[in-house]
Amino acid sequence: MTAASAARGLAAAALARVVLAGGVLGAACGGDGRDGAAVDEDGGDIADDVDDEEDARVGAVAASIAPTSFVHTDAGPLRALEGPPVAPCGPGGLLPEGDALEVRTAWCDPADVSAPLPVDVPADTLVDVTLVHNALVADGGHAHFALFVGDEPVWDHQTAIPAPATFLSPRVVVQQAHAAGEPVVLHVHNHGSNTYKLVGLRLSSP
């Protein structure tokens, strides 16, 4: 073998080592050894997967309804079923307290308060309600809470009275799609003279 042939052989071997090292480095960095792009376990580009996830989140629901935006309504879905009010809602029945809405059943019983949906919501939207009440007095009765989105009942709960002060935080699912502007109605029916506070109501995608 001539000196020139030996030199060409060494150069080719060195080039092969460089190419091999590049492939190993690409794989170690999450690539496929071809162009350094990160790939997932199916061989797809991870960047494309991230873009797809971002596109899927475009239609996600994330909205809150301020408790103090709720106002008294005579059109609550349960009003016709419960007959004349025990205490027609007067000025002292519904009061803002910070960011919460306070319902005093001595001056408003039952209380039906309503606020419009701020956004369109598809079926399966989650609704998180935060409601608190003081110690409930007046033996032998119960407190009744209900929540409607449009004409759909989404939450119904009863608490026997007397009862200690309680923090309620149900998460419920809207079964139907509803358009922005449809009413969200909270119903509070009470036995005795008690105080309740709507602290928060949030809509979100599952």
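Annotation note: of ALA75, ALA47, ALA56, ALA62, the sole residue that is under 31 Å from the mean Cα position of the chain (by Cα), more than 22 Å from HIS191 (Cβ to Cβ), at pLDDT 90 or above and not polar (S, T, N, Q) is ALA62.
Within the option set GLU41, GLU82, GLU102, being within 30 Å of HIS191 (Cα to Cα), of a type outside the set (Phe, Trp, Tyr) and at pLDDT below 95 holds for one residue only, GLU82. For GLY181, state whether it is surrounded by fewer than 14 Cβ atoms within 10 Å (Cβ to Cβ), touching a strand residue (DSSP E or B) at 6+ places or on another chain (Cβ under 9 Å) and either on the phi > 0 side of the Ramachandran plot or not assigned by TED's automatic domain parsing to the domain that holds HIS72 (or both). Taking the combined requirement at face value, the residue satisfies it.
For (1) assigned to a strand (DSSP E or B); (2) among the aromatic types (Phe, Trp, Tyr); (3) buried (at least 19 other Cβ atoms within 10 Å of the Cβ); (4) outside the structural domain of LEU95 (by TED's automatic domain parsing), each residue gets a yes or a no:
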position	(1), (2), (3), (4)
PHE148	yes, yes, yes, no
ASP156	yes, no, no, no
ALA160	yes, no, no, no
VAL185	yes, no, yes, no
SER193	no, no, no, no
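Number of residues in the stretch 98-116 that are assigned to a loop (DSSP other than H, G, I, E, B) and buried (at least 19 other Cβ atoms within 10 Å of the Cβ): the value is 3.
The values are calculated or read from the model by the stated rules, or taken from the named source; none is laboratory data. Please read these numbers as outputs of a predicted model, since none were measured by experiment. Please note: Cβ atoms are built from the backbone with ideal geometry, for glycine as well, and neighbour counts cover all protein chains shown.
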